[in-house]
1. Checking residue 185 against (1) at pLDDT 95 or above; (2) more than 21 Å from residue 96 (Cα to Cα); (3) out of contact with any helix residue (DSSP H, G or I) (no Cβ under 9 Å at 6 or more places or on another chain), only one condition comes out false. Which one?
2. Residue check, residue 158 against (1) touching a helix residue (DSSP H, G or I) at 6+ places or on another chain (Cβ under 9 Å); (2) surrounded by fewer than 19 Cβ atoms within 10 Å (Cβ to Cβ); (3) closer than 27 Å to residue 88 by Cβ, all met but one. Which one?
3. Under 8 Å by Cβ, and 6 or more places apart or on different chains, what pairs join a residue from region 125-141 that is more than 9 Å from the ligand (Cβ to nearest atom) with one that is assigned to a loop (DSSP other than H, G, I, E, B)?
4. Residue 77 is checked against (1) in contact with a helix residue (DSSP H, G or I) (Cβ under 7 Å, 6 or more places away or on another chain); (2) more than 20 Å from residue 157 (Cβ to Cβ); (3) not in a loop (DSSP other than H, G, I, E, B) and fails just one. What number does that condition carry?
5. Read through the list (1) at pLDDT below 95; (2) under 28 Å from residue 87 (Cβ atoms); (3) over 18 Å from the mean Cα position of the chain (by Cα), then give the number of the only condition that residue 165 fails.
6. Which count do you get for residues in region 203-232 that are outside any loop (DSSP other than H, G, I, E, B), over 21 Å from the mean Cα position of the chain (by Cα) and over 21 Å from residue 150 (Cα atoms)?
7. Does region 88-109 hold any residues that are in a helix (DSSP H, G or I) and buried (at least 17 other Cβ atoms within 10 Å of the Cβ), and which are they?
8. Within region 110-124, which residues are away from the ligand (no atom under 16 Å from the Cβ) and buried (at least 16 other Cβ atoms within 10 Å of the Cβ)?
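The values are calculated or read from the model by the stated rules, or taken from the named source; none is laboratory data. Since this is a predicted model, take the numbers as computed values, not measurements. Neighbour counts run over all protein chains shown; Cβ positions are idealised from the backbone, glycine included.
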Ligand SMILES: [Zn+2]
C-alpha cells in the first residue's frame, strides 16, 4: 500500500482515492503540497514508484476514456497511459519523489564577493495547466568569510530538484531561493531570477508565442545595495 502523508504529526487523514484505496493525502496540506512537493513523506522507493505508476496509468486510461479516445485499440496509444505515468514519476515530477541530492559545502576562507551561476537550464511544468515551462535560472549568493560555500554544480541540482515537480514560476523562484538560503545559513544575500516561456500561454488560451515571464527573489545585500543588485543583473546580461 502506497501511503502518502503518513506523518505521525498530521492528523485527520482522509482517503484521497477511495476507489483504489491506495493514496491518502492530508486534506489540509493538499494544496500547499502541490507546489512544494511536501505531500509525500520522504523519497519513494522503486517499489512505491511502480505502485504509483500502475495506479496513475489506470486513472489516465479513464481520463482518455472520458475524452472519448479509443486508446486501447490504437497501436500508438495503447501504452500511452503507462508512458504518461512513467514520465510524471520518473521525469516531469521526479523532484517530488526523490530526495534533494546531497549538497556538498566547503569552508570559505577568504572570499566575500558574489558567487554567480547563470543560465541554468529550467525544465518545469505549470501546476495550472500541466504544460511545460522552459527557461533559464540565474542564481547568486554572497558568502561570509569563515563560513560555507556550495559546490557549484549543486546549485544546478537544486534548480533541477525544485523544477521537476509542477509549480507556478512565482513559487518555484521562492523555493530555489529559500533552499540556497537554508543551506548557506550564514550569507550576506541570495538572489534568484527566472526567465521562462510557458507553453500554456503559447498552445492554449491566448495562444501567443514569444512572451517571456521573469521573476526574481532577492534578499540581503541584493535588496540593500543597488550596486550589488546591478552587478547581479549585469552578470546575467554577460552570461548570455
Ligand atoms: Zn499554465
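1. Only one criterion is unmet by residue 185, namely (1).
2. (2)
3. Once the first residue is more than 9 Å from the ligand (Cβ to nearest atom) and sits in region 125-141, its partners that are assigned to a loop (DSSP other than H, G, I, E, B) give 135/212; 138/239; 140/114; 141/114; 141/184.
4. (3) is the only condition that residue 77 fails.
5. Of the numbered conditions (1) at pLDDT below 95; (2) under 28 Å from residue 87 (Cβ atoms); (3) over 18 Å from the mean Cα position of the chain (by Cα), the odd one out for residue 165 is (3).
6. Qualifying residue count for the region: 6.
7. 88, 89, 92, 94, 95, 96, 97
8. Scanning region 110-124 gives 114, 115, 116, 117, 118, 120.
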